[in-house]
1. Any of LYS553/LYS577; LYS683/LYS739; LYS300/LYS325; LYS436/LYS593; LYS397/LYS456; LYS355/LYS380 with alpha carbons more than 28 Å apart? Name them for me.
2. Regarding region 282-391, what whole-number volume in Å³ per residue does the convex hull of its Cα atoms give?
3. Neighbouring Cβ atoms within 10 Å as the yardstick, rank ILE285, ILE196 fewest first.
4. Stick to the Cα atoms of region 162-276, pair each with every other, and give me the Kirkwood hydrodynamic radius in Å at one decimal.
5. Quick one: 3J(HN,Hα) in Hz for region 15-28, Karplus 6.51/-1.76/1.60 with θ = phi - 60°, rounded, Gly and Pro as x.
6. So for each of 126-133, 552-559 I average, over its residues, the number of other beta carbons within 10 Å; can you give me the resulting order with the highest mean first?
7. Among the lysines, which fall within straight-line cross-link reach of LYS621, defined as a Cα-Cα distance under 26 Å, with same-chain neighbours fewer than 8 residues apart omitted?
8. Using 7 Å Cα-to-Cβ label points, what is the ASN643/SER614 separation (nm, one decimal)?
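Read the figures in this text as sums done on the coordinates, not as results from a lab. In this text, all values refer to a predicted model and were calculated from it rather than measured experimentally. Here the Cβ positions follow ideal geometry from the backbone for every residue, glycine too, while neighbour counts run over all protein chains shown.
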Amino acid sequence: MESGKLHLIKFHKRWQILSYAEAALYAIGIAVLFYLVSKNLWLGVLSFVVAVVAVLFIQRPWKHNLATTGTYVDAHVDEASFSTGLLLQPEDSLSNLAKLQRYKVSEELSKRLGAIHPPNKLKQALMVTLGLVLLGIVVQQLDLFKSVESVLENATNETQIQFIATDSIIEKSIIPKISSQDISVTYPSYTRKGTIAVSDPNIKTIAGATVQWLLVFDNSVTEVYLDRMGELIPLQKGENGYRIKQVLLESGFYSFKFKNEDGIEFTSDLFSLEAIPDNPPEIEILGLEQYTYFDFSDKKVVELQSTITDDYGIDEAYIIATVSKGSGESVKFREEKLKFKQAITKGVKSIRATKTLDLNTLKMEVGDELYFYIEAFDEKRPKRNVSRSETYFAVIKDTVGEQYGVEGTLGVDQMPDYFRSQRQLIIDTEKLIKDKPSITITEFKSRSNELGFDQKALRLKYGQFMGDESEMEEAPEEIESEEEGEDHDHAEDQENVIKEFMHDHDGDNEHNLVEKHEHHEENDTEEAEDPLHDYLHNHDDPEESTLFEESLKTKLRKALSIMWDAELHLRLNEPEKSLPFQYEALKYIQEIKNSARIYVHRIGFDPPPIKEDSRLTGKIKDIENYRKNETKEVENPFEALENAVARLEQFIQQESTFNEADNALFTAAGNELAKLAIANPSKYLQVLQGLKRIENNTERTMANYKFVQKGLLAALPKTAQVPGAKKEYTDDINSLFLKQLEVYD
């Protein structure tokens, strides 16, 4: 029995070995190909290792186990009777019939497994390997890889400055070439980056850096100039070659020009100069709400945590705190400059700065407000970049505000009762609750009903800020309750009161909004929707007529809703239940008053002195009317580009030849295109080079004409409207498709 299992294990190992051999054959073919093409032994070894790992990962021969091997044997050996799995089970767990079947399968596998071959693709792998080897031999014999090397060499030669004679008629003249070029960029001292050497003539560095060129020619040259956006700057001749330094303050283009001994002028292609601005510091305040409120009994401390980062280094940072005292016209401000808890080291690129703002230390009292923000500077020279964070607010709530009143001994009280504040209503409600045991039921209900009226008057007063234009109506008659000996039902009265003062707003105290809404729904079917509805400020809608922002409007709406509940319980002679709603309404009103305050930084202003002799006299003798007439002509900033496109079309159609006037036209077009190219050098650099070749008569070919014309058309701004064009329906998909066709045209 064990002989059959042993043969099954041998078959499984043979299957795995063939799988690994197949992967090795593929890897050998790939390695030989890379070695023959690159002629580098290490590259061949590396490709062999990578190929082996890749093929093994795809085939995964380690996944084959005895169970899968048994399944394969059952499918290809009929005598196994799909019972190979019995060989893998312990003999003690099998029945007598299973043991007999296991013995039979073991005998059959011992005879037949040697003639069965595991599944493999060795022939295919061998053919692929031979094909890869032959391909490598062909590539090596034909030197096809040299074309790739030449492409790489051309790519490296692009960094070398090449010159072309401006007059293409002269052919026998020797063109001097640059034997060596050294380009170095010296960063500003505050960046601490020093001087670096670059190989690409297209310079991209920080604004304020100094760029130096050192050019060495293989033949004698004269009058070497740097052409920077039309400005010719001569290079200084030294022992090592021609040298020039330029401070890069703004983006642009440049090229080199020189003359040889025969006086023939040569020029190079255009190269870009891109100045990257130094960004100001970035300030982020962590985990702090913009508005922080404190009660008098709270611990009045603000924990300020922030991160300040800069690309080259922070110079200094501090907190500007302004304390506001008083209210109205008597408000006073005190400004202080606070340092962070951590000392800021100059030149550090990132810092986590914290500060504990103690309002008591700042000598703040009840009702005072604190405005603070962070200001940070970097080390840019000569003028530092500055940035500041948003302004944050810390307020100590004033829960006991002074109220104007009239002495009780005066004969006439000229202050209307219906101008009571919510705080006065709370005081009166608490007094009513306190006096309830000592007064009659009739007086208690009368005073509670009067407080309900005052609550309604206050609600309507605040409702005007939400655009509620309903006028204050008379309060309902005092709600009569049952006295001793009366027959009416008290529950019925309460039900009527609830119906009248619930939030459906359909009682006598407010406009019947339900009828208005139903009437509006009936008119919706008759009147067409106003197309200007989304663009008008509708004062009829209380949600849109308010002058508050969305957050304050939501708080005010909540306060009005709470006032409804407070009024309801006062009308029901339940001041104890009304008092919590009044406190909650007072809280929202106080938050709205504090949030609606506006802080404006102080600025110095000295008004002109008033002439007392002419003040309030009404004389206008020296006052004259001012009238100014000015005529302006609309200039086309891309006139030369449009004319150049039209002129290039004549060259393409072979309707005209190049003349002297075209030089001035293409020069002007190049200047206009250069203004656009400053913002995007990579997009217009090749178009500028092609335009320069046409101007210098170095490449006046049909292909260059078409290339430059296409680039100029892409640079011209799109017109918003086309006069005379027919209006046709086009969907977004078709528009995007047409734009893509224009891009790849």
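1. Correct reply: LYS436/LYS593.
2. Spelled out: Cα convex hull of region 282-391, divided by residues, is 109 Å³.
3. By the 10 Å Cβ count, ascending: ILE196, ILE285.
4. Numbers: mean 1/r = 0.0670 Å⁻¹.
Taking the inverse mean of 1/r over all distinct Cα pairs, region 162-276 comes out at 14.9 Å.
5. 5, 5, 4, 5, 5, 5, 5, 4, 5, 5, 4, 4, 5, 5
6. Highest to lowest by the protection proxy: 552-559, 126-133.
7. Counting by Cα, and skipping residues close in sequence, LYS621 has these lysines nearby: LYS611.
8. The answer from the label model is 5.3 nm.
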